[in-house]
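To start, the structure itself, in structure tokens.
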Amino acid sequence: MAQDSQGRLICADHIVTFDTIHRDARRAASGLNAAGLGRGSTIAIMLRNEAAFFAATLAASMIEAVATAINWHYTGDEASYLLRDSGATVWVVHADIWRRIGADIPDDVLRGLTVLVVETPPGIAQTFGISDAETQVPQGVANWADWLGEHPEWDGPPPHPQAAMIYTSGTTGRPKGVRRLGPVGVNKSGNHNAFVKGAHTLIVAPMYHSAPNRNAMSAFFTGGDIILQPRFDAEEMLALIAAHQITHAFVVPTMFVRLLKTPDAVRARYDVSSLTHVVHADAPCPAEVKGAMIDWWGPVIYEYYGGTETGGVTYCSPHEALAHPGTVGCAVPDATIMVFDENGVECPTGVVGEIFVRLHSYPDFAYQGLPEDRAAIEHKGLITCGDVGYLDAQGYLFLTDRKKDMIISGGVNIYPAQIEAALIQHPVILDCAMFGLPDVDMGERVAAAVQLRPGDDLTLAEVRNFLQDRIADYTIPRDLHVMETLPRDASGKMFKRKLRDIFG
């Protein structure tokens with residue numbers, strides 16, 4: 001364990017102490033309280049990972065308001081939907097984002113909404129190619145830094161860990177706001193007690209997603225240093241691990257794939273021996289990929305299963321992953337996991353069905369303004385994230401796929417994740433997704449979308465030949481679509497509806 005953790009947030013060459021973030025949060029809380037916000041109010045945060053994101057989240061906690069993170073990739077229409085749906089009365093947004101979409105926000109949304117614009121930090125601007133002019137707060141809107149300076153520090157209760165209202169990714173429709181109905185603590189059970197004092201924690205995935213949000217805030221409350229990588233790049237991640245002696249990190253499986261496909265000479269440049277706990281979640285990870293990462297980084301790769309709605313209900317140690325390839329682990333002590341068939345009857349051991357779970361120590365939730373949708377995902381007091389899979393005789397959970405992604409061809413269920421796990425092993429493929437397209441004879445046929453290593457080509461015949469001895473013949477794709485990038489969000493979730501819309 002690195003010994004020089006001082007309570008700092010580090011991004012590129014910019015360092016902000018936790019004490020400074022707490023001071024800004026106290027000023028923000030005072031300003032929000034003076035504006036009439038308090039328990040039940042909503043503060044929308046549309047920022048990339050940086051100090052202001054932490055300060056705004058802490059300020060909301062101090063006045064018992066709800067922090068709602070908005071995906072900063074969103075268009076004006078998408079952001080307007082979340083601002084309206086969440087009932088936000090304050091919107092904290094980066095300057096370049098405001099310049100990009102501010103004019104597209106309807107008057108009825110802006111009416112009664114206090115907009116606080118944050119100057120886009122240099123490290124983020126450099127990473128995303130944002131010009132100096134775009135980073136500046138324009139005239140006519142409130143400058144976050146100036147607004148903070150107008151208010152004294154909050155003298156009320158200190159901040160406490162609190163779940164933000166996170167909107168689901170919207171892979172199958174409009175995002176839903178998940179509003180927690182009770183207090184939360186530092187997230188530990190699903191992460192195998194990952195949060196320890198003095199850690200050097202690397203956060204790569206954006207905090208508008210629930211898992212990186214809770215990981216980042218839990219690390220902040222526990223103490224240590226938090227290092228931010230504005231956008232994932234495999235070699236840059238390795239360099240950050242070596243330079244900052246990273247001990248803890250949260251990643252998604254697509255990052256593992258990119259890391260494993262870096263040349264051996266690149267890997268050899270960077271010392272990763274400081275790592276003690278790397279946790280991944282949010283998308284299926286092929287057993288071969290996890291095994292290769294453990295071979296490289298050692299027995300430091302952990303996994304949990306859960307969702308925004310449920311929290312982490314399993315954990316899987318590296319030793320369990322090697323002993324039970326493909327598992328996402330067993331239920332944590334305070335969780336229940338059951339698998340039901342399409343008639344709501346519990347499935348026998350080893351039989352695939354829809355997975356329902358409950359983390360009993362985690363507060364219940366509501367979907368913002370959608371009580372019917374909330375009721376629809378509950379069965380016998382348990383909640384489903386829409387995944388299918390099975391439990392083995394020892395209680396280990398195995399995911400088969402997303403229920404809505406399953407392909408039915410000739411009356412047979414085909415699980416895309418199984419094909420993807422095989423195809424991602426191809427040396428020139430950086431990312432892949434299987435999805436169903438309409439077929440006159442079979443109902444649906446399997447189609448593949450792939451992202452290739454720069455400069456490489458791939459044909460359908462080569463794909464079919466590669467998969468011939470790896471998966472059943474009837475699951476091998478009949479269509480191949482090569483794309484520059486696949487529609488995957490930063491938490492690893494694939495927007496397969498977009499693929500079906502493009503190619504269907």
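The values are calculated or read from the model by the stated rules, or taken from the named source; none is laboratory data. Predicted model, so just to flag it, every value in this text is computed and none were measured. As a convention, Cβ positions derive from the backbone with ideal geometry for all residues, glycine included, and neighbour counts pool all protein chains shown.
Can we say Ala366 is in contact (Cβ under 8 Å) with a residue 12 or more places away in the chain, among the small types (Gly, Ala, Ser) and in a helix (DSSP H, G or I)?
For Ala366, the condition - in contact (Cβ under 8 Å) with a residue 12 or more places away in the chain, among the small types (Gly, Ala, Ser) and in a helix (DSSP H, G or I) - is not met.
Being at pLDDT below 95 and either out of contact with any helix residue (DSSP H, G or I) (no Cβ under 6 Å at 6 or more places or on another chain) or within 23 Å of Ala59 (Cα to Cα) (or both) is the requirement here; does Gly149 meet it? Spell out the reasoning first.
Numbers: at pLDDT below 95: no; either out of contact with any helix residue (DSSP H, G or I) (no Cβ under 6 Å at 6 or more places or on another chain) or within 23 Å of Ala59 (Cα to Cα) (or both): yes.
Spelling it out, it is not the case that Gly149 is at pLDDT below 95 and either out of contact with any helix residue (DSSP H, G or I) (no Cβ under 6 Å at 6 or more places or on another chain) or within 23 Å of Ala59 (Cα to Cα) (or both).
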Looking only at region 115-159, which residues are under 18 Å from Ala51 (Cα atoms), assigned to a helix (DSSP H, G or I) and without any contact (Cβ under 8 Å) to a residue 40 or more places away in the chain?
Ala125, Ala145, Asp146
Looking only at residues in region 403-448 that are of a type in the set (S, T, N, Q) and farther than 22 Å from Ile355 by Cα, which one is farthest from the chain's Cα centre (by Cα)?
Ser409
Considering residues that are closer than 28 Å to Met165 by Cβ and either within 11 Å of the chain's Cα centre (by Cα) or part of a loop (DSSP other than H, G, I, E, B) (or both), the number found within region 226-245 is 4
For region 440-478, which positions are farther than 20 Å from Arg488 by Cα and touching a residue at least 60 places away in the same chain (Cβ under 8 Å)?
Tyr474, Thr475
Name the residues in region 272-311 that are modelled with pLDDT under 90, closer than 20 Å to Arg258 by Cβ, within 13 Å of the chain's Cα centre (by Cα) and of a type outside the set (D, E, K, R), would you?
Ala281, Ala283, Pro284
Which residues, taken from region 202-225, are within 17 Å of the chain's Cα centre (by Cα) and farther than 16 Å from Ala67 by Cα?
Leu202, Ile203, Val204, Ala205, Ala219
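Within region 361-387, how many residues are under 15 Å from Val313 (Cα atoms) and out of contact with any strand residue (DSSP E or B) (no Cβ under 7 Å at 6 or more places or on another chain)? Lay out the reasoning, then the answer.
Within region 361-387, the first condition is being under 15 Å from Val313 (Cα atoms), and the residues that meet it are 361-364, 381-387.
From the residues that got through so far, the ones that are out of contact with any strand residue (DSSP E or B) (no Cβ under 7 Å at 6 or more places or on another chain) too are 361, 364.
So the answer is 2.
Would it be correct to say that Arg445 is modelled with pLDDT of 95 or more, charged (D, E, K, R) and either surrounded by 15 or more Cβ atoms within 10 Å (Cβ to Cβ) or in contact with a strand residue (DSSP E or B) (Cβ under 6 Å, 6 or more places away or on another chain) (or both)? Steps first, answer last, please.
Details: modelled with pLDDT of 95 or more: no; charged (D, E, K, R): yes; either surrounded by 15 or more Cβ atoms within 10 Å (Cβ to Cβ) or in contact with a strand residue (DSSP E or B) (Cβ under 6 Å, 6 or more places away or on another chain) (or both): yes.
The answer is no for Arg445.
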Within region 64-82, track down each residue that is more than 17 Å from His209 (Cβ to Cβ) and surrounded by fewer than 22 Cβ atoms within 10 Å (Cβ to Cβ).
Glu64, Thr75, Gly76, Asp77, Ser80, Tyr81
